[in-house]
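Here is the structure we will look at, set down as structure tokens.
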Amino acid sequence: MFLAPTLVLFLLIYAVPILTVGVTSFFDYSYATLTFSGLDNYRSLVSGTLTGREFVKAVGNTLIWIGLQITVHVALGVLVALGLSRKPFGWKTVRTAYMLPNIVSLAALGIIYLNLFDSRRGLVNGVIRALGNKDFSVNWYVEHAFLTTTLTWTLFAGLVTILILADIASIPEDIYESARIDGASGWKIDWYFTLPLVRNTIGTSVILAATSMLKEFELIYMTTNGGPGIATLNLPLLIYKKALIEQNYGLANAMGVVTIAIGVLLIVLVNRHLLSSRFEST
Amino acid sequence: MKRTLLRILPILLALSLLVPALSGCGPKVTNTPEPGKEVVLNYPTFQVGVNSSAPVLAEVIKQFNAKYAGTIKIEIEEIPGDQAYVDKMKILLSANELPDIVYAGGYNLLDMALEKNAVLDLTPYLDADAAWKASFDQVTLDFNSRNGKVYSQPDEKGMFGYFYNKDLFAEAGVEPATTWEGFVTVCDTLKAKGITPLSMDTDDSAWLTNLWLSSILATSSETGRTFMKERNPKNYNFPEFISALELIQKMFKDYTTADAVGGKYENGANNFINGVTAMIANGPWMISDFTDETKAPAGFDEKVGVALYPGSGLFNEPMLGYFIAAKTKEKQDAAVTALKFFTSTEMETMALEMIGRIPASTKVEVSSTNDKVHPILASLVNISKDAQYNYNYYQALWYPNVLDAITSYYPEFALGNKTPTEMAQILTETAGQN
């Protein structure tokens, strides 16, 4: 009874569209046609055609970015949180500044990055030239597109830092006192006490980081549009291109089904390995 | 409760399966306005904000709503950005919910809407109004017709050559080239003088770059010209296209700025306006930028000349115009009234004077009005008489996914990581997905 309103809302807002996506992935579905086509859409995903190559690249890039996000991004967020939890001078300013990319519109952020990395007028090349390398000119989003695109989100782990900081603040002080009495200090306290105690929040951060990469769209669309070639193509951008540029909704929905499957698999894995202890202990 | 939910669940799931089937065959809207009530027309547009046509459209709508106050009202829905507009129209088309009036100029939305039977046939309206029909030449009517029926009407014509900086040309001692071999020599001479010859781009379907590509093709041979007339071509893998790409690759490598690769139209436009580059391929709407002191140095327009493309080529073809997707008779009639107003002599003259837009109407005398207002436009109209080859531009002809592939693959191609043959093959393969 208590769950009924939530369940009805879930069915109408999420389950129905997800089912629609699933069902239409078996159709030749465009703005003008809707014909059952069996597994054709799924076959073309693994074919040697341009669509197949694009799909394989998009899945590969998405998985690499998920991997980097759940390791480098989360680790960085945790490290910054551990550092800030000691409340060094100016820690509140650093916490706010680190959070800034998370509160700026992603479309605006895309334009900012595009200008920062611009080959002629960009700040990055400008600084390098000012440091003495006067002829330096790298077209970042073309010559090092994957790296540059990756940097636009991997280093900014403000959300992870805020979550971990909040969890660290809730750890009773007497635990740390006992640790110090037993002779632990510095990184040993972090390693043996703080990190195990914030494990569930790290798990939550991993889920957030992974799912953020499953729906990352704006920054790529605004900067490289998946190029050069298909170097920075990911699943959401490919789905957009198939649905809105080619109007091949059936194929786009087949890709959507794969994306949902990857998302569900990730959540199950993280639940099993990082979040299970809380449920076992309660 | 649990049992009730279990009963409801299969019904909801079954209904969800019907959603796609129902969405494709929804009933036509039948709501009819009450007699004597004001008919409200929905018109989404990207000609807002910083778009060069925004002031003209605002004035046209203002005058229309004033003239037809109490009977017809056009409500503008602002959609900044061409691509956002095209995307939205496609979504609305899929849902059978196109707005009452749709602007298809420059984007091939008409054929898609026709596939879904969502477009009003304007032929009876044109036949009933001889004066309106006479304001379009036969070429324009044919371009906006399918199977003998007229489906859209434009208020402008696409006519564009390329602009060059007369001071920079004089500094290098060159004149606009008449052949492509001569064009390469001009570029080499400019480069030798330390002047970057061309503004180019790769983003947003590489507008600046592909105007050159289209011109190379259309002036190359009969095959190239036939290709540049073809709607939604599927094969790009032929010798003329490949050799045109070879020259484009050379232009990227030797004659343009570093920010052209991966760069947007705005980079190229700024480079030309600020005297960084000597040539830019673009339409007459850019002329108003040359005189706008917030964008260009004072007096910059006096430095700008306009020329035919080497090989005596010019983009000079009719454009697709507005079509009507209104579903009730009252709205359809009101939308036709709006189209007649948009394409009237008064409104097209106003657009010509405000932003230098070339009118579609045969009733507007371009030369009599524009030489005082826009000398560069007057010059363009003058040289257009000498053009040996007139052709349409790629964006109105090629598949949207081919335009997107160009945006994605041009940077690699520009850097020499893809050969012209590989590029042509990719475009062919991409077009084949449609």
Toward the positive end of the charge dipole of region B:46-145, about the Cα centre and with charges on Cβ (Lys, Arg +1; Asp, Glu -1), which of B:V60, B:Q138, B:I79 goes farthest?
B:V60
Once A and B are treated as a pair rather than alone, how much accessible area drops out, both sides summed, in Å² to 100, probe 1.4 Å?
3500
Which order do you get for A:S47, B:S215 if you rank them by accessible area with a 1.4 Å probe, largest at the top?
A:S47, B:S215
Other chains' Cβ within 10 Å of B:402-414 residues: what's the mean?
5
Given charges at beta-carbon only (K, R positive; D, E negative), |dipole| of the protein assembly as shown in Debye
2120
Please get the size of the charge dipole for region A:54-281, origin at its Cα centre, with Cβ charges of +1 on Lys and Arg and -1 on Asp and Glu, quoted in debye to the nearest 20.
340
Prolate/oblate/rounded call for region B:56-147, Cα gyration tensor, a/c under 1.5 rounded:
oblate
What does the average come to when, for each residue of peptide B:389-401, you count the partner chain Cβ atoms lying within 10 Å of its Cβ?
1
A:L39: accessible area at probe 1.4 Å, nearest 10 Å²?
90
The answer for the net charge of residues other than B:Y322 whose Cβ lies under 12 angstrom from its Cβ, with Lys and Arg +1 and Asp and Glu -1, is -2
How big is the dipole moment of region B:189-231 about its Cα centre under a simple scheme where the beta carbon of each Lys and Arg is +1, that of each Asp and Glu is -1, and everything else is neutral? Debye, nearest 20, please.
240
Roughly how many whole Å is it from the C-alpha centroid of region A:26-96 to that of region B:64-92?
36
Leaving out ligands, DNA and RNA, what percent of the accessible area of the protein assembly as shown is carbon and sulfur, probe 1.4 Å?
62
Restrict the search to region A:1-67; then list the chymotrypsin sites (Phe, Trp or Tyr not before Pro) that DSSP places in a loop and that have at most 16 other Cβ atoms within 10 Å of their Cβ.
A:F2
Would you calculate a helix-derived [θ] at 222 nm for chain B, using -39,500 (n - 2.57) for each DSSP H run of n ≥ 4 and dividing by the full residue count, to the nearest 500?
-14500 deg cm²/dmol
Gyration tensor verdict on region B:319-434 (Cα atoms; rounded if a/c is under 1.5, prolate if a/b is larger than b/c, oblate otherwise)
oblate
Report the rotationally averaged projected area of region B:128-199 based on its alpha-carbon convex hull, in square nanometres.
7.9
At 27 angstrom or more along the helix axis (alpha-carbon based) and mean Kyte-Doolittle of 0.5 or higher, what helices does chain B contain? Whole DSSP H runs only.
B:2-23
Long-range amide H partners of B:L41, meaning residues 5 or more apart or on another chain whose placed amide H is closer than 5 Å, are B:K73, B:I74, B:E75
In chain A, which longest range has no trypsin sites (Lys or Arg not before Pro) that are both DSSP loop (not H, G, I, E or B) and surrounded by at most 10 other Cβ atoms within 10 Å?
A:135-282
Backbone N under 18 Å from the A:F146 label point (7 Å along Cα→Cβ), restricted to region A:226-255:
A:226-238
Solution diffusion estimate, µm²/s, Stokes-Einstein, the protein assembly as shown, Kirkwood Rh from C-alpha pairs, 25 °C, viscosity 0.890 mPa s
85
Probe of 1.4 angstrom, ligands and nucleic acids ignored: what's the accessible area per residue over the protein assembly as shown, in square angstrom?
45
How about region A:211-236: which of its residues lose at least 30 Å² of accessible area in the presence of all protein chains relative to their chain isolated, using a 1.4 Å probe?
A:N225, A:P228, A:G229
How shielded is B:156-163 by partner chains, expressed as the average number of their Cβ atoms within 10 Å of its Cβ atoms?
0
Kindly provide log₁₀ I(q)/I(0) values, in the same order as q = 0.07, 0.11, 0.14 Å⁻¹, from the Debye equation applied to equal alpha-carbon scatterers of chain B.
-0.38, -0.89, -1.35
Per 5 Å bin, what is the whole-percent P(r) computed from every C-alpha pair distance within region B:217-258?
6, 23, 25, 20, 13, 10, 4
Tally Lys/Arg at +1 and Asp/Glu at -1 over every other residue whose Cβ is under 14 Å from the Cβ of A:K57; what's the total?
+1
Evaluate the relative contact order of chain B (contact order divided by residue number), counting alpha-carbon pairs under 8 angstrom at least 6 apart; express in whole percent.
24
Charge dipole (region B:276-419, unit charges on Cβ, about Cα centre) - positive-most of B:H374, B:V306, B:I324:
B:I324
Does region A:54-281 come out rounded, prolate or oblate, given a ≥ b ≥ c as the square roots of the eigenvalues of its C-alpha gyration tensor, rounded meaning a/c under 1.5 and, failing that, prolate meaning a/b above b/c?
oblate
Ranked by GNM mean-square fluctuation in chain A (Cα springs under 10 Å), the top entry among A:G263, A:G52, A:G132 is A:G132
Sorted list, accessible surface of protein heavy atoms, 1.4 Å probe, largest first, for B:V50, A:V80 is B:V50, A:V80
What are the GluC sites (Glu not before Pro) within region B:332-365 that DSSP puts in a loop, where the Cβ has at most 14 other Cβ atoms within 10 Å?
B:E365
Tell me the angle of helix A:91-103 to the major Cα principal axis of chain A, expressed in degrees between 0 and 90 and rounded to the nearest ten.
10
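The values are calculated or read from the model by the stated rules, or taken from the named source; none is laboratory data. Keep in mind that this is a model prediction, so the values were computed, not measured. Virtual Cβ from ideal backbone geometry, glycine too; neighbours counted across all protein chains shown. What goes into the accessible areas is simple: the full protein's heavy atoms, side chains included, and nothing from ligands, DNA or RNA. Shrake-Rupley method; radii C 1.70, N 1.55, O 1.52, S 1.80 Å.
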